[in-house]
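Some notes on the structure that comes next.
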Ligand SMILES: [Zn+2]
């Protein structure tokens, strides 16, 4: 099977996850892809293929060499984002892309002026959706690359390698993908998620993340007779918000700049609640942002002479770089593997969290590699198939380099 046909086959299976579901996996239909992958892994000769009750798929390609080398895993997620439909995906293949705008349907055009990366894709093969759904390259491109590399290794048993593990997870898009991952059973020294954009990008950093709930308590009195008595929680809430730097918001930050983001405000005169998320790659700056919330709380409580403001901080996840910085070999293999295909690697900091970050802190160091996909979670999603082909080669180069080490 050609790589593009593999991807097309996978994206046509609806695997959208659902944040409002409490079942595991969140949607039953993720099993449709999981079962297909299980069958394909078995038929290509992968050992110990497991599809567990929670919809995780695992497989092993045993070592074929005598020496003791690292065992390495490759992981991708099966679900697609709840943000946009993944049902009846109708992929459109553009061979030898000419650099022009791409018409997805009569009303939607993917414009190069909006997505200037397409200027670099001239001559590449590209897969898009017809605009009525997302494409699902996030993360079926990762699955296709891993499956293709596995098939290649099994068809070419003369390539020396250590133990290789494969893992496909459900519910990544709703933040639950790593929860029930069997790290012990996986038994790898380290792994890579293939869940990214440009193929030469290595992501070894993600945000430190916390959430803050700010409760403001007012005193409600009939507005006709409230002079010097009413304390309006809504006004205090606006005051609280005004003390946070407006330039440190998501809409004004990029790259390694952190932010405080107000996600919700609800309330009335007696009680108003503000919800925030706090993000920064840098742990020290992250702690300072949290500190500022506490300082505002203290200041306002002093100003109003009683406990009007209460700040509750919950730390959600940490930057995996904290762990990966002490495991340089994990990143070095990826750097060399990308150089091996004639590309210059680029380190990038993910502005979010990843399953890999969670796995890293749970004992499986796991940076992220690119697949050639982009514009995720919406109608303009695409996969650069030329880069996807390179992603397969990156996997194989990592395997070879680890085997040689
Ligand atoms: Zn993804």
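Output the residue which, of all residues in region 132-144 that are assigned to a helix (DSSP H, G or I) and within 13 Å of the ligand (Cβ to nearest atom), is surrounded by the most Cβ atoms within 10 Å (Cβ to Cβ).
Out of the qualifying residues, it is 141.
What about residue 93, is it over 23 Å from the mean Cα position of the chain (by Cα), modelled with pLDDT of 95 or more and buried (at least 20 other Cβ atoms within 10 Å of the Cβ)?
no
Which strands (runs of 3 or more DSSP E) sit wholly inside region 158-263 and have at least 1 residues that are in the same structural domain as residue 359 (by TED's automatic domain parsing) and within 16 Å of the ligand (Cβ to nearest atom)?
Because the criterion is at least 1 residues that are in the same structural domain as residue 359 (by TED's automatic domain parsing) and within 16 Å of the ligand (Cβ to nearest atom), the strands (runs of 3 or more DSSP E) in region 158-263 that meet it are 164-169, 190-194, 201-205.
Out of 344, 315, 295, report the one residue that is over 30 Å from residue 124 (Cα atoms), surrounded by fewer than 16 Cβ atoms within 10 Å (Cβ to Cβ) and out of contact with any strand residue (DSSP E or B) (no Cβ under 6 Å at 6 or more places or on another chain).
295
Tally the residues that are over 24 Å from residue 54 (Cα atoms) and within 16 Å of the ligand (Cβ to nearest atom), restricting the search to region 67-110.
Here the count works out to 1.
Can we say residue 73 is in contact with a helix residue (DSSP H, G or I) (Cβ under 7 Å, 6 or more places away or on another chain) and more than 19 Å from residue 380 (Cβ to Cβ)?
It is true that residue 73 is in contact with a helix residue (DSSP H, G or I) (Cβ under 7 Å, 6 or more places away or on another chain) and more than 19 Å from residue 380 (Cβ to Cβ).
Run residue 389 past the list (1) touching a strand residue (DSSP E or B) at 6+ places or on another chain (Cβ under 8 Å); (2) touching a residue at least 40 places away in the same chain (Cβ under 8 Å) and report the number of the one that doesn't hold.
(1)
Among the residues that make up region 224-244, is at least one of them within 30 Å of residue 348 (Cα to Cα) and either in contact with a strand residue (DSSP E or B) (Cβ under 9 Å, 6 or more places away or on another chain) or surrounded by fewer than 19 Cβ atoms within 10 Å (Cβ to Cβ) (or both)?
yes
For (1) more than 18 Å from residue 377 (Cα to Cα); (2) in the same structural domain as residue 385 (by TED's automatic domain parsing); (3) assigned to a loop (DSSP other than H, G, I, E, B), each residue gets a yes or a no:
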{"site": "93", "(1), (2), (3)": "yes, yes, no"}
{"site": "98", "(1), (2), (3)": "yes, yes, yes"}
{"site": "103", "(1), (2), (3)": "yes, yes, no"}
{"site": "109", "(1), (2), (3)": "no, yes, no"}
{"site": "114", "(1), (2), (3)": "no, yes, yes"}
{"site": "117", "(1), (2), (3)": "no, yes, no"}
{"site": "120", "(1), (2), (3)": "yes, yes, no"}
{"site": "123", "(1), (2), (3)": "yes, yes, yes"}
{"site": "130", "(1), (2), (3)": "no, yes, yes"}
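Looking at region 294-405, what strands (runs of 3 or more DSSP E) fall wholly within it and have at least 1 residues that are over 20 Å from residue 209 (Cα atoms) and in the same structural domain as residue 167 (by TED's automatic domain parsing)?
Result: 346-349, 382-384.
I need every pair where a residue in region 139-150 that is closer than 14 Å to residue 370 by Cβ has its Cβ under 8 Å from the Cβ of a residue that is within 13 Å of the ligand (Cβ to nearest atom) and part of a helix (DSSP H, G or I), sequence separation at least 6 or different chains.
Short answer, once both residue conditions are applied: 139/172.
The values are calculated or read from the model by the stated rules, or taken from the named source; none is laboratory data. Note that the structure is predicted; figures quoted are calculated from it, not measured. Note: ideal-geometry Cβ built from the backbone for every residue, glycine included; neighbour counts use all protein chains shown.
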